[in-house]
Amino acid sequence: SMAVNLDKVGHEVSPMLYGLMTEEINYAYDGGIYAEIIRNRSFQDDRNNPVHWSLFSEKQGGTIKLDHKTFLNRNNPVSLMLDVPVSENITGIANDGFWGVPVKPATVYKGFFYAKADFDGDHRFSVSIRGDSADPTVYATAIVKKSGADWNKYSFELTTKQDIKPTSNARFVITTAQKGRYWFSVTSLFPPTFRNTPNGNRPDIMQLLSDMKPAFLRLPGGNFLEGGKFSSRYDWKKTLGPLENRPGHMGTWGYRASDGMGLLEYLRWCEDLNMEPLLAVFAGYTLGGDHLEGAYLQPFIDEALDEIEYVIGDVNTKWGAQRAKDGHPKAFPLRYIEIGNEDFFDRSGSYKERFAQFYKAIKTKYPQMTIISTSGKEFDVPGGKADMIDDHYYRNASEMEGMSTQYDDYDRNGPKVIVGEWATREGSPTPNFNAALGDAAWLTGLERNSDVVLMSCYAPLFVNVNPGGMQWKSDLIGYNALNSYGSPSYYVQKMFSNHLGDKYVPIQAENIPTQFETLNEKDIASGRKPRKIPAMFYVATKDSKKKLLYLKLVNTQNKAQKVNIDITGTEQILPAATLVELSAMYPEATNSIKEPTNIVPVKSDIRINGNAFTRELPAYSIAVIVLKIK
Ligand code: AHR
């Protein structure tokens, strides 16, 4: 049974509680949210081979290869050389996209490519989206012309016909009918983007995110911020400006990042979804363990100060002016700065000092910033005490359920917390329903403690579900070139974030069912006996403006559970209420790219009979009951 006294509301609920975390992992950007269709668009993905590019030749003949001597600029020091031996033979280059080129009916695709020829005069290319090598279908085509033997930028639009079926069995092709030697450099192709934002994001994935109503975006990582070595750290200055000037860099997860999703694109992503950026700055430590200290760290501190200026500086500042030049004169909001990532792994022991140096410099110039430490244990450091600490949890469902009390005894005078990465890791590529149960149980604990846990964000956010697309399993949202879907865990967050009040309302609960925890391999090896943990989880918050009470209930058992709920206090609840329920027949049930909506929340109108009522929670279910207060 559960008793709620509406006269006894507790602490304020952090309005920043639900946010997002992002980094380039699992083909999150190119091949994911960032709408670029061309894979290996600057030919730098592999030094020796033009991977994802092939020769297109209607008859016989023609060759392609990488040329490191002829290139557009120093940031793109390689080109694709095409030899066309005879005229009148349609010859060219084809790109196979990120596991296919997404073709949709009546859609305008915009693109450009750089090319040069070994002869002067007029150059005429045909660009097209067409079927894969066995399929002669042409979905859209256009002609582009320029003259002169130097590099030219060719821009084009391709419009597909109305009567085609969506497919990703397609290629992007550039051809010529004129004999000669040609070189190609940066090539780009975009479908329409969310809100038509330039160099923007895929509408389907943005819509999934928008539906979560996230308050912030923690960017740009994760390990992606740190890099394996200094040359592959997140060097934000190299991610600005026209695409053809961005060098890209080797990412942390085994593939190159084009950096088309650059700092400005991250900020525009925030703007489009009304989120605040949480900016993690590179803190002079790389994943390889290499780091800099003292005066040697100063260039990276300056780099971070410049970065903050790029985000919030007005157009009269050096970096504010650069942002205006890049197309966004208006400053962005910014309140949260994180120093590094997961420095609790720092093998050098240098974080205390590094943190203090960054802290001092940032607070001196920008006293309004909330500074986040990534090493919980070491938040109190010489020269600076972290305003917040970033805790990370990757566990199985039973552990997450057992840990729903994690912050109940947290020192209320200590620094505030962001749970900057967390996930119940069961299911692949995206989490299954058991993980969703673990998530929901965990989140009841975060809402209960949202006086100290001010922010939280699941990680990783994205996965490209194609073979080879995933480096880290159990990711919130999955996709391929054409479609995307939310995992059961995604729907838990959407339900929780969409029904969050501004005041926590304590619940007095009795006779809560229990379960034995499932031990992980380490626990079994240690000889530890399984403990009893709750099998039902609950939390309530009140929306004072809308006069609503949100009651969240999680039943992890394999059987239905009746709950008696008694609501007391001077305020009364109305009989008409809403139930949003997410449930599954068995814990391993899940969503996938083929069955994207197997498990989705079901909304229904319910009636509550008086202030004391009984609800039956189905086996394996997560419910939000929305009660109206008179
Ligand atoms: O989310 C995957 C990785 O987990 C992040 O890059 C890192 O911060 C953490 O170890």
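Computed from the coordinates by the stated procedures, all read-outs in this text should not be read as laboratory data. Keep in mind that what you see is a predicted model, and the values were worked out from it rather than measured. All Cβ positions, even for glycine, are placed from backbone atoms using ideal geometry, and neighbour counts span all protein chains on display.
The table below gives the values:
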quantity	calculated
Total charge dipole magnitude, region 53-190, about the Cα centre, Cβ charges on Lys, Arg, Asp, Glu only, Debye to nearest 20	260
Simple Cβ-charge dipole of the chain, Lys/Arg +1 and Asp/Glu -1, about Cα centre, in debye nearest 20	960
Inter-label distance, nm, simple model (7 Å from Cα along the C-beta direction), Q207/K65	4.7
Euclidean distance of C-alpha centroids, region 405-476 and region 507-530, integer Å	19
Cleavage-rule hits, chymotrypsin sites (Phe, Trp or Tyr not before Pro), region 85-127, DSSP coil, Cβ neighbours within 10 Å at most 16	F119
14 Å beta-carbon shell around K229, net charge (K/R +1, D/E -1)	-2
Cβ-based charge dipole, the chain, positive-most Cα from T444, I129, A540	I129
Cut-off 13 Å between beta-carbons: net charge of the residues surrounding L287, Lys and Arg +1, Asp and Glu -1	-3
Distance-filtered residues of region 173-195 - backbone nitrogen under 19 Å, label point 7 angstrom along K146 Cα→Cβ	173-190
Neighbour-count ranking [beta-carbon atoms within 10 angstrom, fewest first] of D475, D30	D30, D475
Number of Lys pairs (Cα under 21 Å; 8 or more positions apart or on different chains) in region 53-190	21
Sparse-neighbourhood loop sites, trypsin sites (Lys or Arg not before Pro) in region 547-579 - DSSP loop, at most 13 other Cβ within 10 angstrom	K559
Charge tally in the Cβ shell below 15 Å around D7, where Lys, Arg are +1 and Asp, Glu are -1, D7 excluded	+3
Percentage relative contact order, region 53-190, counting C-alpha pairs under 8 Å, at least six apart	35
16 Å reach of a label modelled at V138, 7 Å along Cα-to-Cβ, counting backbone N of region 54-68	56-59
Cut-off under 5 Å, modelled amide H: who pairs with R256 long-range	G251
Low-density loop cleavage sites - trypsin sites (Lys or Arg not before Pro) in region 74-149, where at most 12 other Cβ are within 10 Å (DSSP)	R74
Violating pairs (Cα-Cα greater than 19 angstrom) within the set K237/K416; K545/K628; K503/K547	K237/K416
Region 206-359, relative contact order [Cα under 8 Å, separation at least 6], %	26
Ranking of T568, T424, T370 by count of other Cβ atoms within 10 Å, fewest first	T568, T370, T424
Members of K494/K542; K352/K532; K522/K552; K385/K532 lying beyond 29 Å, as alpha-carbon distances in this model show	K352/K532; K522/K552; K385/K532
Using a Förster distance of 41 Å, the FRET efficiency for N245-D451 (Cβ separation, nearest 0.05)	0.30
Fewest-first ranking of K494, K628, K330, using other Cβ atoms within 10 Å as the exposure measure	K330, K628, K494
Contact order normalised by residue count of the chain, Cα under 8 Å, 6+ apart, percent	16
Whole-Hz couplings from phi, Karplus 6.51/-1.76/1.60, listed for region 161-167; x for Gly and Pro	6, 5, 9, 10, 8, x, 8
Estimated FRET transfer efficiency (R531, Y586; beta-carbon r; R0 25 Å; 0.05)	0.55
